[in-house]
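**Student:** Shown below is the structure under consideration.
Nothing in this text is a laboratory measurement; each read-out follows from the coordinates by a stated rule. Owing to the predicted nature of the structure, the values given are computational and were not obtained by experimental measurement. No Cβ is skipped: glycine too gets one built from the backbone with ideal geometry, and neighbour counts run over all protein chains shown.
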Amino acid sequence: MQKYLNSGLCDYTDIATSTIGHVIDDGHLPQIHAMNRVHHVVGKVRTVVLHSINATNLRQALIESTPGEVLVIDARKLKHRACWGEQRHRAAIFHQLAAVVVLGAITDITAIRNMKVPVFAQSVSCLTTRKEGESIVDFDQTIQFEHSCIDSGDIMIGDADGVFILKEDQAKQLLPKFQALQQDEQQKHSQFFSQNLIDDYYHFPERI
């Protein structure tokens, strides 16, 4: 994904979501969790809103996506019905998306846990979309989620702790504060383990 990031996004490749969460609440997506293995991901958002059980037209978002984008899918109207599974995720990998964020449920969790490209969602469900009736899907619409307004072009930062979606101007303005805080945390980490054995604290110190 790194090669698809512009300079502004690259500045966020080392900024943890918990660092952002030390500073602001705005842009945090509550109850959205990593569903497969993810270290850290940054990308430009493209929004999709589902209005029907038939989600066939989701494929248009994948076809029109560009490498490094993050697809943010508002599936709340489907309630407990999953709109994303193994087959669609293969397409996301093929189109080189940076990540997928589902405001709703996903399915095929066993397969997805072993697949590339991070997926973030609210829940897992065996109840799924189906080809029933018209497929009504809106693209590039503002999504109101909790206290956040999500638009295409926003910046998504995600890791195992959660997801933030920031406006581009907001991300630029707050970056120095995030970088200073991240550097301070790293210095505290280095100072502590200059005097203590990391093996005494972590099972897998090479990953820390």
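**Student:** From largest to smallest, what semi-axes in whole angstrom does the stretch 90-166 give when each is the square root of 5 times an eigenvalue of its alpha carbon gyration tensor?
**Tutor:** 21, 19, 14
**Student:** Given the -39500 (n - 2.57) contribution per DSSP H run of 4+ residues, what per-residue ellipticity at 222 nm results for the chain, rounded to the nearest 500 deg cm²/dmol?
**Tutor:** Calculated mean residue ellipticity at 222 nm is -7500 deg cm²/dmol.
**Student:** Please give me the summed charge of the neighbours of Phe193: other residues whose Cβ is under 12 Å from its Cβ, Lys and Arg +1, Asp and Glu -1.
**Tutor:** It works out to a net charge of -1.
**Student:** What does DSSP give for the chain in terms of the percent of beta bridges that are antiparallel, rounded to the nearest 5?
**Tutor:** 50
**Student:** Could you list Cys83, Cys10 so that the one with the fewest beta carbons within 10 Å of its beta carbon is first and the one with the most is last?
**Tutor:** Cys10, Cys83
**Student:** While we're on this one: If the limit is 30 Å between Cα atoms, which of Lys44/Lys77; Lys77/Lys177; Lys79/Lys172; Lys79/Lys177; Lys44/Lys116; Lys116/Lys167 go over it?
**Tutor:** Check vs 30 Å cut-off fails for Lys77/Lys177; Lys79/Lys172; Lys79/Lys177.
**Student:** Next up: Over the chain, what is the relative contact order in whole percent, taking alpha-carbon pairs under 8 Å and six or more residues apart?
**Tutor:** Result for the chain is 30 percent.
**Student:** Kindly write out, for the stretch 123-140 in residue order, the coupling ³J(HN,Hα) from the Karplus curve 6.51 cos²θ - 1.76 cosθ + 1.60 (θ = phi - 60°), rounded to whole Hz, with x marking Gly and Pro.
**Tutor:** Going residue by residue, I get 7, 10, 8, 8, 8, 10, 5, 7, 7, 9, x, 6, 8, 10, 9, 9, 10, 6 Hz, with x marking Gly and Pro.
**Student:** Using mean Cβ contacts within 10 Å as the protection proxy, how do 61-69, 119-127 order, highest first?
**Tutor:** 119-127, 61-69
**Student:** Nearest 10 degrees, 0 to 90: what angle lies between the long axis of helix 168-193 and the longest principal axis of the chain (Cα atoms)?
**Tutor:** 40
**Student:** How would you rank 180-189, 193-202, highest first, on the average number of other Cβ atoms within 10 Å across their residues?
**Tutor:** Order by mean packing, descending: 180-189, 193-202.
**Student:** How many angstrom separate the Cα center of the stretch 156-208 from the Cα center of the stretch 81-126?
**Tutor:** Answer, in whole Å: 26.
**Student:** Sum up the charges of everything whose Cβ sits under 15 Å from the Cβ of Gly153, counting Lys and Arg as +1 and Asp and Glu as -1, but leave Gly153 out.
**Tutor:** Net charge around Gly153: -3.
**Student:** Could you size up the charge dipole of the chain around its Cα centre, putting +1 on the beta carbon of Lys and Arg and -1 on that of Asp and Glu, and report it in debye to the nearest 20?
**Tutor:** My answer is approximately 740 debye.
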